[in-house]
Amino acid sequence: MNVAIIKYNAGNIYSVDYALRRLGVTPVVTADPEALRGADKVIFPGVGEALTTMAYLRERALDRVILGLRQPVLGICLGMQLMCERSEEGDTDCLGIFPAPVRRFVPREHADKVPHMGWNTLENVRSGLFDESLEGAFVYFVHSYYVPVNDYTAATTEYILPFSAALRKDNFYATQFHPEKSGSIGERILENFLRL
C-alpha cells in the first residue's frame, strides 16, 4: 500500500511515520503533488500554528493539492483544524473542507488549563475510522483550539465543553487527538484508516 504523509512545517510528521512503520507500512513523506495524488492514502498531520501553516501551504500550492485529493485523507490535530473553514488562531482562513469554525478554549474555572493536554474518552463514535468497541476508549489530546460539534462530527469528547474529537466528510477524515500517540487504541484507528 502506498501511503503518503504531507511534508510541510508540522511538528509531528515523524511520529506519524514511526507509528505507520510499527503497523508494517513504510510511508513516503513528500510535498510532491504527483506523489500525493498517486498515493492510496494520504495523511495530513500537524503540530503548529494555523496562520503560518496556511501561508506555507498556499505558497507551495499544497492547499489546492489537498482540496483535489480523491483517496482517503486523514487530518490529525492541526491538520484537522486546517481542514475547517476558519480558525480563531491568527484569524485564519483555512481549507474549508468542513464547514465549521475552529475556536479557542476559554477556561470557565481555575481548573481549566489551556492547552488541553491528556487522555479523554471518545463518545458518540461513527464513521469508517471507528467501530462500536471504540466507544469510551481513551485517546491523547494536545490542543488549545477545538471544532464545535457539527453535522460532520464523527466522535465527540469533552473538555470544558463537548467538542468534535473527529470529523468525516466524503473521503476526508480527521481527528483532533493524536492516534500516533494513543497507544493500542490509536494503532487500531490508524489500521481502520488504512483499511478504508
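The values are calculated or read from the model by the stated rules, or taken from the named source; none is laboratory data. Bear in mind the structure is a predicted one, so any value in this text is a computation, not a measurement. Here the Cβ positions follow ideal geometry from the backbone for every residue, glycine too, while neighbour counts run over all protein chains shown. Accessible surface areas use protein heavy atoms only, side chains included; no ligands, DNA or RNA. Shrake-Rupley method; radii C 1.70, N 1.55, O 1.52, S 1.80 Å.
Below are the figures for this structure:
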quantity	calculated
Coarse-grained scattering of the chain at q = 0.13, 0.14 Å⁻¹, given as base-10 log I(q)/I(0) from a Debye sum over alpha-carbon atoms	-0.61, -0.72
Mean ellipticity per residue at 222 nm, deg cm²/dmol - from DSSP H runs of n ≥ 4 across the chain, formula -39500 (n - 2.57)	-7000 deg cm²/dmol
All-pairs alpha carbon distance profile, the range 1-90, 10 Å steps from 0, percent	17, 54, 25, 3
Assigned charges on the beta-carbon of Lys, Arg, Asp, Glu; the range 43-93 dipole about Cα centre (debye)	360 debye
Normalised contact order of the range 29-176, rounded percent, pairs of Cα under 8 Å and 6 or more residues apart	21 percent
Charge dipole of the chain about the Cα centre (unit charges at C-beta), most positive-ward option of Pro115, Leu167, Pro27	Pro27
Rounded Å value of the spacing that divides the Cα centres of the range 24-51 and the range 83-146	21 Å
Fraction of accessible area attributable to carbon and sulfur, the range 75-179 (%, probe 1.4 Å)	48 percent
Charged-residue dipole, Cβ positions (Lys, Arg, Asp, Glu), the range 29-159 about Cα centre, Debye nearest 20	260 debye
